[in-house]
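Q: Have a look at this one before I ask anything.
None of the figures in this text is laboratory data; all of them are computed from the coordinates on show. What you see is a predicted model; the values in this text were computed from it and never measured. Here Cβ is always computed from backbone atoms with ideal geometry, including for glycine, and neighbour counts include all displayed protein chains.
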Amino acid sequence: MHPNPAFRKTGRDRNVAFARDRGFGTLAVNGDAAPLLSHIPFVLSEDGATAELHLVRSNPITAACKTALPATLAVQGPDSYVSPDWYGIDDQVPTWNYVAVHLRGRLERQPQDSLRPMLDRLSAAFEDRLAPKPAWLADKMPADALDRMLRMIVPFVLHVDGIDSTWKLGQNKDDAVRLRAADAVERDGIGHEPAQLAATMRTPPEG
């Protein structure tokens with residue numbers, strides 16, 4: 001997380017809503033030689049206390065998680081390079097604006113019979129956004145294919161003990177300067193979802 005407190009004032013409710021809406025992140029646990037990372041979809045509870053997820057059996061994190069492990073789920077939002085020229089003032093340097101939320105806690109393997117309900121909740125969380133398209137259901141799969149898939153993956157829950165975030169949006173600049181940069185990010189930004197980042201820069205969260 002960025003050390004500047006100007007970028008770390010966003011309240012828990014906003015961070016939880018952001019992470020729930022994204023529903024995809026990078027799970028990290030300690031490994032023997034290096035951190036173990038896995039890019040995963042997840043379902044975060046309304047109160048942000050638990051994140052449900054699954055991993056394939058061959059994933060190194062699955063093998064490492066024989067008992068509950070400390071873990072972090074990093075959820076990345078929009079980001080973009082910001083040129084010093086975009087501020088319209090002197091003495092600036094290149095930077096990168098971004099939004100990121102980290103869910104910290106304990107990763108715990110769940111009973112295998114909890115997998116199917118978890119997968120139904122996961123698919124529903126995203127299928128419901130596609131309305132009026134009829135929601136995809138696991139029952140649409142042939143039973144033998146579904147059984148094979150279920151044997152290949154393992155359910156987990158991340159018990160969230162803390163949430164950290166960085167919303168680096170130019171809040172440390174005067175409003176006019178930040179808005180000029182937002183316009184340039186929308187027009188020429190280099191990164192992921194620069195238009196969304198520009199919109200967030202125009203109305204940065206205050207808590």
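Q: What longest region of the chain stays clear of GluC sites (Glu not before Pro) that DSSP places outside H, G, I, E and B and that have at most 14 other Cβ atoms within 10 Å?
A: Excluding the exposed sites themselves, the longest stretch runs over 47-205.
Q: Using unit Cβ charges (K, R positive; D, E negative) and no other charged atoms, how large, in debye to the nearest 20, is the dipole of region 2-107 about its Cα centre?
A: 520
Q: Among Gln76, Phe126, Ala143, which residue has its Cα positioned farthest towards the positive end of the charge dipole of region 1-154, with +1 placed on the Cβ of Lys and Arg, -1 on the Cβ of Asp and Glu, and the dipole taken about the Cα centre?
A: Ala143
Q: Run a plain Debye calculation on region 107-163 (Cα atoms as equal point scatterers, no solvent) and give log10 I(q)/I(0) at q = 0.18, 0.24, 0.25, 0.29 Å⁻¹, rounded to two decimals, same order as the q list.
A: -0.74, -1.02, -1.05, -1.17
Q: Another one. Å³ per residue of the Cα convex hull, for region 6-161?
A: 163
Q: Against the longest principal axis of the chain, how steep is helix 175-188, in degrees 0 to 90 to the nearest 10, with axes from Cα atoms?
A: 60
Q: For region 150-207, what is the Kirkwood hydrodynamic radius in Å, using each pair of distinct C-alpha atoms?
A: 13.9
Q: Cα-based Rg (one decimal) and Dmax (whole number) for region 101-207, in Å?
A: 20.8, 61
Q: Next question, about the same structure. Can you find, among Ala6, Pro204, Asn30, the residue sitting farthest towards the positive end of the charge dipole of the chain, where Lys and Arg contribute +1 and Asp and Glu -1 at Cβ?
A: Asn30
Q: Can you list the HN-Hα couplings for region 80-97, worked out from phi with the Karplus curve (6.51, -1.76, 1.60; θ = phi - 60°), rounded to whole Hz and with x for Gly and Pro?
A: Once θ is set to phi - 60°, the couplings for region 80-97 become 6, 5, 10, 6, x, 5, 6, 7, x, 9, 8, 6, 10, 10, x, 8, 10, 9 Hz.
Q: Taking the Cα centre of each part, how many Å lie between region 179-207 and region 25-81?
A: 28
Q: Compute a Gaussian network model of the chain, connecting alpha carbons closer than 10 Å, and tell me which residue from His102, His159, His39 fluctuates the most.
A: Maximum fluctuation in the GNM of the chain, among the listed residues, is at His39.
Q: Right, something else. Given the rule -39500 (n - 2.57) for each run of at least 4 DSSP H residues, summed and divided by the residues of the chain, what is its mean residue ellipticity at 222 nm, to the nearest 500 deg cm²/dmol?
A: -9000 deg cm²/dmol
Q: Continuing with this model, one more query. Given charges of +1 on the Cβ of Lys and Arg and -1 on the Cβ of Asp and Glu, with all other atoms neutral, how large is the dipole of the chain about its Cα centre, in debye to the nearest 20?
A: So the magnitude is around 440 debye.
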